[in-house]
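Undergrad: Below you'll find the structure I mean.
What follows is calculated from the coordinates using simple rules that are stated; it is not laboratory data. Quantities reported herein were computed from a predicted structural model and do not represent experimental measurements. For neighbour counting, all protein chains shown are included, and Cβ atoms are generated from backbone atoms with ideal geometry for every residue, glycine included.
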Amino acid sequence: MQTSFLKGLDAILYPGACFLSSILPKPAHALSEKPLILRPGGLGDLICADIALQELALEAGDFTWLIENRSKPWAEFRGLPYLCYEENPRKTLEQVWGGHSLVINTEQFFGLTEAYGLLVRAKGGRLVSFETNRAAWWSDLTVSYDWRDRHETIEFARLFAVALRLPEPTGPRLSRPRPQQPDAPPLVLIAGRQSPSRRLSLEAWTSLITKWHQKRPFLIAAAPEDADFAGQLTGRFDGLAVRFEGSFNELCDQIARSEEMFTMDGGGVHIASYFGVPTLALFTSGRDRKWHPLGEGSRILRRHDLACQPCTKFGQVPPCPFGYACLKLEDVAPTPAECINPAEGSNPADGSKA
């Protein structure tokens, strides 16, 4: 069943689903020694959670991950133990039902994830979630969540720390160190074209890249669905640009080696953050304070004259009555990526400053 369909019915389904999950008997089988992290959502969420564990001096491979299919490439690249709940859903549920003493639900809003977490939680175990999850009151422990300002890696680190009874991080969101020196040209990663709020035209990509590359040779990479677009874009730069065509693992390795990356807000930003690669990230509807790149020297490009921006809330973009004015970035100058302390975030209930 499509995740987007379930999101549309979440408000109706989650109360009954949580109640049913809470009263169903637990099967008799051995408990897993690993906590389970329930991580629905896209690639970026999984990478941010991976970064958060790393910065708590924990190994992501010491957890079982329950993820969506679209996050599989990163889980396989990192060698994480994972299951996808859309793949053979009945068999997947049988594998995890009542099998984990600690379940960490990282979903920030949709309540059906809490129902799944209740099924996975062993008898006498603990379910920990963000208090902004619609069904958070079914959890044994909840943690506040700032959907407006604090970087997502900080919010995940706070959740994991509380769940694992570790000191909660309180320092600023620092840039991430780069473990290897660059030995490859800059990389442009085409992204966002499947979303109306991030769908830049060929002319816009050409104009923005022209201002960025400073006559440096560079590579252009794209997902298979954007291959034709990437080919057209490559042809706009008279031999200065070369198409990168490789597997996801090869792309990650290329990003790690790149001098710099240029891309739209999305999973590619977080791959670069993981490797500490400086990035110029384009932001339209997205919340740059929550999702900005973490490589030292990273910058963002976004409008600062639109009262409606950013409009994304819990990863959902509302219908735009202004013709996606936030896409018009050609006359905007880049600014440094902005980090804030955990103590300076917004109140998750009303968005006011703490």
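Undergrad: Among 221, 285, 144, pick out the residue whose Cα is farthest towards the positive end of the charge dipole of the chain, where Lys and Arg carry +1 and Asp and Glu carry -1 on C-beta, about the Cα centre.
TA: So the residue furthest toward the plus end is 144.
Undergrad: Further question: Sort 132-139, 12-19, 301-308 for me by packing, meaning the mean count of neighbouring Cβ atoms within 10 Å per residue, highest on top.
TA: On the way: 132-139: 20.8, 12-19: 15.6, 301-308: 13.5.
Packing proxy ranking, top to bottom: 132-139, 12-19, 301-308.
Undergrad: Over the chain, calculate the relative contact order: mean separation of alpha carbon pairs under 8 Å at least 6 apart, over the residue count, as a percent.
TA: Numbers: 708 pairs, mean separation 56.5, N = 354.
Across the chain, relative contact order equals 16 percent.
Undergrad: Let me ask something additional. Anything over 20 Å Cα to Cα? Flag those among 7/328; 72/313; 290/313, in the order listed. Please list the in-between numbers first.
TA: Working: 7/328 30 Å; 72/313 25 Å; 290/313 11 Å.
Pairs exceeding 20 Å: 7/328; 72/313.
Undergrad: In a Debye calculation with equal point scatterers on the alpha-carbon sites of the chain and no solvent, what is log10 I(q)/I(0) at q = 0.06, 0.08, 0.13 Å⁻¹?
TA: -0.22, -0.40, -1.04
Undergrad: Over the range 60-115, what is the mean sequence separation of C-alpha contacts under 8 Å (at least six apart), divided by residue count, expressed as relative contact order in percent? Intermediate results must be reported in sequence, preceding the final value.
TA: Working: 39 pairs, mean separation 14.9, N = 56.
This gives 27 percent for the range 60-115.
Undergrad: Once Rh is set to the Kirkwood radius over Cα pairs, what Stokes-Einstein translational diffusion coefficient, in µm²/s, holds for the range 178-288 at a temperature of 10 °C and a viscosity of 1.306 mPa s?
TA: The Stokes-Einstein estimate is 114 µm²/s.
Undergrad: So, one more: Please report the Cα spread of the range 1-72 along all three principal axes, rounded to whole Å, starting with the longest.
TA: 38, 33, 19
Undergrad: Then there's this: Once phi is turned into θ = phi - 60°, what whole-Hz ³J(HN,Hα) does the Karplus curve with 6.51, -1.76 and 1.60 give for every residue of the range 126-133, x standing for Gly and Pro?
TA: 10, 10, 10, 8, 6, 6, 7, 5
Undergrad: For residue 299, what residues show an amide H to amide H distance below 5 Å, using hydrogens built from the backbone and excluding near sequence neighbours?
TA: 279, 280, 281, 337
Undergrad: Return the calculated 222 nm mean residue ellipticity for the chain, to the nearest 500 deg cm²/dmol, obtained by summing -39500 (n - 2.57) across DSSP H runs with n ≥ 4 and dividing by the residue count. Present the calculation step by step, with values, prior to reporting the outcome.
TA: Working: 11 runs with 112 residues, N = 354.
Taken over the chain, the calculation gives -9500 deg cm²/dmol.
Undergrad: Could you list which residues have their amide H under 5 Å from that of residue 135, counting only those 5 or more apart in sequence or on another chain, with H placed in the peptide plane?
TA: 111
Undergrad: A further question on this structure: Listed highest first by mean packing, meaning other Cβ atoms within 10 Å per residue, what order do 208-220, 63-75, 324-336, 44-56 come in?
TA: 44-56, 63-75, 208-220, 324-336
Undergrad: Could you give the distance between the Cα centres of the range 169-218 and the range 241-299, to the whole Å?
TA: 5 Å
Undergrad: Moving on to the next point. So what is the orientation-averaged projected area of the range 276-345, using the convex hull of its C-alpha atoms, in nm²?
TA: Working: hull surface 21.7 nm².
Dividing the Cα hull surface by four gives the mean projection, 5.4 nm².
Undergrad: Further question: With +1 on each Lys and Arg Cβ and -1 on each Asp and Glu Cβ, and nothing else charged, work out how big the dipole of the chain is about its Cα centre, in Debye to the nearest 20.
TA: On the way: 38 positive and 41 negative charges, 83 e Å.
About 400 debye.
Undergrad: Amide H neighbours of residue 149 under 5 Å, counting only residues 5+ apart in sequence or on other chains, H built in-plane at 1.01 Å?
TA: Distant-sequence amide H within range of residue 149: 346.
Undergrad: Still on this structure: How many percent of Cα pairs in the range 58-170 exceed 24 Å?
TA: Details: 1488 of 6328 pairs.
Tail fraction, whole percent: 24.
Undergrad: At a 10 angstrom cut-off on C-beta neighbours, averaged per residue, how do the peptides 76-83, 259-266 rank from highest to lowest? Display every interim value, and only then the final one.
TA: Working: 76-83: 15.8, 259-266: 23.5.
Ranking, from highest mean packing down: 259-266, 76-83.
Undergrad: Counting pairs of alpha carbon atoms under 8 Å apart in space and at least six apart in sequence, what relative contact order in percent does the range 101-155 give? All intermediate terms of the calculation are to be shown ahead of the outcome.
TA: Working: 92 pairs, mean separation 18.1, N = 55.
Contact order relative to length: 33 percent.
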